[in-house]
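I have placed the structure first, in the form of structure tokens, so that the comments after it can refer back to it.
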Amino acid sequence: MNMKQHILPAIKLTVLFAILFPVCYTTCLWSIAQLATNNGKGEVIQVEGKEHYQNIAQEFKQDKYFTSRPSAVQYNASASGGSNKGPSNAEYLAVIESRIDSFLVHNPGTNKAEIPAELVTASGSGLDPHLSISAAMIQAKRIAQSRGLSETVIEELIHKQTEQSLFGLLGPKKVNVLKLNIALDEMTTQQSSTNNPVHL
């Protein structure tokens with residue numbers, strides 16, 4: 001008798017949760033997502049017929065582009081996460097040193113102490129699409145040299161692409177790396193057309 005008294009409520013509770021969480025909870029989240037940009041499917045930018053998600057970090061290897069924050073998941077959106085290694089882990093420290101050395105090679109004249117931590121450490125998700133203003137500015141010299149532009153022009157572009165903190169109070173100012181690089185390509189193309197006009 002006691003067993004029946006426990007089994008029946010347990011079965012009822014299991015059925016209730018089977019309906020509540022997979023169906024009701026999922027439907028609730030889906031409904032809220034419809035109010036977000038692009039119905040919760042991510043913020044998409046189309047460039048030359050290709051779709052890019054501006055809210056997901058992407059890898060840029062060429063010196064003519066701003067580099068994104070390092071990713072512990074190789075920028076794989078289906079495997080979001082960090083390395084889960086603490087700051088005293090020898091392997092983790094070796095990775096950080098390697099990133100610092102690589103940054104110094106690609107950005108000669110930069111002092112090691114000047115490198116923002118975000119440029120050599122991955123975020124918790126591994127997919128952070130933004131950089132701080134200082135992390136973008138420190139790359140300006142390299143990009144200016146790679147594209148044959150003045151450093152001032154690159155810095156002005158960074159300021160134009162700066163996203164302000166929410167209500168001017170919450171969160172730091174930042175730049176979206178993908179949008180910044182797209183604007184950089186557009187600016188370079190426009191300047192090239194101006195300097196070398198096509199005569200029909």
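Read-outs: derived from the displayed coordinates by stated rules, not from any lab. Treat the numbers as computed from the prediction; the structure is a model and nothing was measured. Cβ sites come from the backbone with ideal geometry, for glycine too, and all protein chains shown count toward neighbours.
Once the chain from ASN89 to LEU20 is taken as fully extended at 0.36 nm per residue, the excess over their C-alpha distance is 20.6 nm. Dipole size of the chain about its Cα centre, with +1 on Lys/Arg Cβ and -1 on Asp/Glu Cβ: approximately 600 debye, rounded to the nearest 20.
Work out the charge dipole of the chain with +1 on the Cβ of Lys and Arg and -1 on the Cβ of Asp and Glu about the Cα centre, then indicate which of PHE17, TRP30, ILE158 is farthest towards its positive end. Most positive-ward Cα: PHE17. Cross-link partners for LYS141 among the aspartates and glutamates, with Cα-Cα distance under 15 Å and sequence neighbours closer than 8 places in the same chain left out: ASP63, GLU114, GLU151, GLU155, GLU156.
Set the bar at 27 Å for Cα to Cα. Now go through LYS61/LYS173; LYS50/LYS112; LYS85/LYS179 and name every pair that lies beyond it. Pairs exceeding 27 Å: LYS50/LYS112; LYS85/LYS179.
If you take all other residues with their beta carbon under 13 Å from the beta carbon of GLU186, and give Lys and Arg +1 and Asp and Glu -1, the sum is +1.
Going through (1) 1.09; (2) 1.03; (3) 1.43, the figure that equals Cα Rg over 2.2 N^0.38 Å as computed for the structure here is (3).
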